[in-house]
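*Asks:* Before we start, here is the structure in question, set down as structure tokens.
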Amino acid sequence: MIAGYLKLLGAMLSPLMDYSDHLYGWAPPVGCEGLAAIGYYEGDGPKNRSSFVPVVQPEALDQEHIYAKEAKLIEMCLKEKAEGRQVWVYAQQTGDKRDVQPRLKRLLEARGLRVGILKSKVVEPREREAWIFANGHKYDVIICFPKLVSTGLDFFDKAGSFNFCTIIFYETGYDLNLFRQAAARHWRIGQKKDCRTYYLYYEGTMQERAMALMGKKLAAAQALEGKFSTEGLIAMAGEENGAMALAATLSSKVENAERAWARIGEASKVVIGDLVKSGKVDRIKELAHMGADEKAHAALVLKTLTSDKGESLAKMYLAMKKMGLDLDDLL
């Protein structure tokens, strides 16, 4: 177990993500029949029955039962249809071994929805745009693996024959670039409807952790692009996202702040003194009444600054944020 720990970790990650959406039919690798489905291969030699280390067999649950995420997907798709909106659903488990698409199609069709599946083996990459234009008007819902449509395709016809203006990630992966591309297929030039994007996951499972991870990665990517947000998926980044909210107010001022600090010298005493001299009593009160959480978030965002100056500079910026001031206004 100890020697194969990293291998076991890799073998467990996918089942921990996938099991909640595919609660049956877990079989061991070919040649390992009769052993537990989840495990890892020991050593660097041939991968066969003798080198396979079985660990756990996922319990097979009732296939006739409609589970929580499935029920939510059905509810959402029906609601979107009632509003005259078409839905594009992304799923990760679309391979031969475990494919959730046929089951989702069956469940949705049982509620009166027209459902199509875009499959890589059926539609070649160069033919996918034509397939969407030829079939988009036929369906209320289309399901596919996100990579199949992640680049170069629009989910609506400018002439109005179809418009998949709602995207639902029934499952997500860890590829941020693919994730962002797939999430933007409906939000393109010429779109006339409001775009909606939803992410479904089971709370308390690895799916929730994956969503939080993607939220953090997305927040970091947007921060590098000079964009800051505390809404949507990024909100799942948790406490760290409070730092992003503060960073949004600093994005164009960090360099100026460092230069200003060199001019100010010793921190808050000088800042308060300058405020007193200028008669800005209300701003002094803003500095004095900042909460502990705000101070902590400010210190986190400004950790690249020297530790003895970071908190005071953070106080300055939080006061500026609250009052809508620029740096020159505060000094």
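*Asks:* Test Pro28 against the criterion of being surrounded by 11 or more Cβ atoms within 10 Å (Cβ to Cβ), modelled with pLDDT under 90 and not hydroxyl-bearing (Ser, Thr, Tyr), and give yes or no.
*Replies:* Details: surrounded by 11 or more Cβ atoms within 10 Å (Cβ to Cβ): yes; modelled with pLDDT under 90: no; not hydroxyl-bearing (Ser, Thr, Tyr): yes.
For Pro28, the condition - surrounded by 11 or more Cβ atoms within 10 Å (Cβ to Cβ), modelled with pLDDT under 90 and not hydroxyl-bearing (Ser, Thr, Tyr) - is not met.
*Asks:* I've got another one for you. Filter the range 66-88 down to the residues that are free of Cβ contacts under 8 Å to residues at least 60 places away in the same chain, on the phi < 0 side of the Ramachandran plot and in a loop (DSSP other than H, G, I, E, B) and list them by number.
*Replies:* Selection gives Ile66, Tyr67, Glu83.
*Asks:* Going by what's in this entry, would Lys216 be described as more than 22 Å from Val87 (Cβ to Cβ), among the basic types (Lys, Arg) and modelled with pLDDT under 95? Working first, answer last.
*Replies:* Values: more than 22 Å from Val87 (Cβ to Cβ): yes; among the basic types (Lys, Arg): yes; modelled with pLDDT under 95: yes.
Spelling it out, Lys216 is indeed more than 22 Å from Val87 (Cβ to Cβ), among the basic types (Lys, Arg) and modelled with pLDDT under 95.
*Asks:* Taking the conditions exactly as written (outside the structural domain of Tyr174 (by TED's automatic domain parsing), hydrophobic (A, V, I, L, M, F, W, C), surrounded by fewer than 17 Cβ atoms within 10 Å (Cβ to Cβ) and under 27 Å from Glu171 (Cβ atoms)), does Met12 satisfy them or not?
*Replies:* On the way: outside the structural domain of Tyr174 (by TED's automatic domain parsing): yes; hydrophobic (A, V, I, L, M, F, W, C): yes; surrounded by fewer than 17 Cβ atoms within 10 Å (Cβ to Cβ): yes; under 27 Å from Glu171 (Cβ atoms): yes.
Considered against the rule, which asks whether it is outside the structural domain of Tyr174 (by TED's automatic domain parsing), hydrophobic (A, V, I, L, M, F, W, C), surrounded by fewer than 17 Cβ atoms within 10 Å (Cβ to Cβ) and under 27 Å from Glu171 (Cβ atoms), Met12 comes out as yes.
*Asks:* Still on this model: Within the range 161-177, which residues are surrounded by fewer than 17 Cβ atoms within 10 Å (Cβ to Cβ) and over 21 Å from Glu83 (Cα atoms)? If you could, list the steps in order and put the result at the bottom.
*Replies:* Here is the first cut: in the range 161-177, the ones surrounded by fewer than 17 Cβ atoms within 10 Å (Cβ to Cβ) are 161, 174-177.
Within the range 161-177, Tyr174, Asp175, Leu176, Asn177 qualify.
*Asks:* So which residues in the range 197-221 are surrounded by 20 or more Cβ atoms within 10 Å (Cβ to Cβ), among the hydroxyl-bearing types (Ser, Thr, Tyr) and outside any loop (DSSP other than H, G, I, E, B)?
*Replies:* Tyr199
*Asks:* Out of (1) closer than 12 Å to Leu118 by Cβ; (2) out of contact with any strand residue (DSSP E or B) (no Cβ under 8 Å at 6 or more places or on another chain), the odd one out for Ile143 is which?
*Replies:* Failing condition for Ile143: (2).
*Asks:* Go through the range 106-146 and give me each residue that's of a type in the set (D, E, K, R) and touching a Gly at 6+ places or on another chain (Cβ under 8 Å).
*Replies:* Of all residues in the range 106-146, those of a type in the set (D, E, K, R) come to 106, 109, 111, 114, 119, 121, 124, 126-129, 138, 140.
The answer is Glu129, Lys138.
*Asks:* Are any residues in the range 126-162 under 17 Å from Thr94 (Cα atoms) and in contact with a Lys or Arg (Cβ under 8 Å, 6 or more places away or on another chain), and if so, which ones?
*Replies:* Across the range 126-162, the qualifying residues are Val141, Ile143, Cys144, Leu148, Val149, Ser150.
*Asks:* State yes or no: is Gln63 under 29 Å from Ile167 (Cβ atoms), under 29 Å from the mean Cα position of the chain (by Cα) and buried (at least 18 other Cβ atoms within 10 Å of the Cβ)? Talk me through it step by step, then tell me what you get.
*Replies:* On the way: under 29 Å from Ile167 (Cβ atoms): yes; under 29 Å from the mean Cα position of the chain (by Cα): yes; buried (at least 18 other Cβ atoms within 10 Å of the Cβ): no.
No.
*Asks:* For the range 90-135, give me each residue that is within 20 Å of Lys79 (Cβ to Cβ) and either touching a strand residue (DSSP E or B) at 6+ places or on another chain (Cβ under 6 Å) or crowded, with 17+ Cβ neighbours inside 10 Å (or both). Please lay out each step first, then the result.
*Replies:* Applying the first criterion (within 20 Å of Lys79 (Cβ to Cβ)) to the range 90-135 yields 90-91, 104-116.
Result: Tyr90, Ala91, Leu104, Lys105, Leu107, Leu108, Glu109, Leu113, Val115, Gly116.
*Asks:* Scanning the range 89-104 for residues that are in a loop (DSSP other than H, G, I, E, B) and in contact with a helix residue (DSSP H, G or I) (Cβ under 7 Å, 6 or more places away or on another chain), which turns out modelled with the lowest pLDDT?
*Replies:* It comes out as Arg98.
*Asks:* Here's a check for you: in the range 139-160, which residue that is more than 26 Å from the chain's Cα centre (by Cα) and surrounded by 11 or more Cβ atoms within 10 Å (Cβ to Cβ) is modelled with the lowest pLDDT? Quick ask: steps written out before the conclusion?
*Replies:* Pass one, the range 139-160, residues more than 26 Å from the chain's Cα centre (by Cα): 139, 157-160.
Filter once more, so that each one left must be surrounded by 11 or more Cβ atoms within 10 Å (Cβ to Cβ): 139, 157-158.
Numbers: Tyr139: 98, Asp157: 94, Lys158: 90.
The extreme case among them is Lys158.
The values are calculated or read from the model by the stated rules, or taken from the named source; none is laboratory data. None of the values given here were measured: they were computed from a predicted structure. Cβ coordinates were reconstructed from backbone atoms using ideal geometry, including for glycine residues, and neighbour counts include every protein chain displayed.
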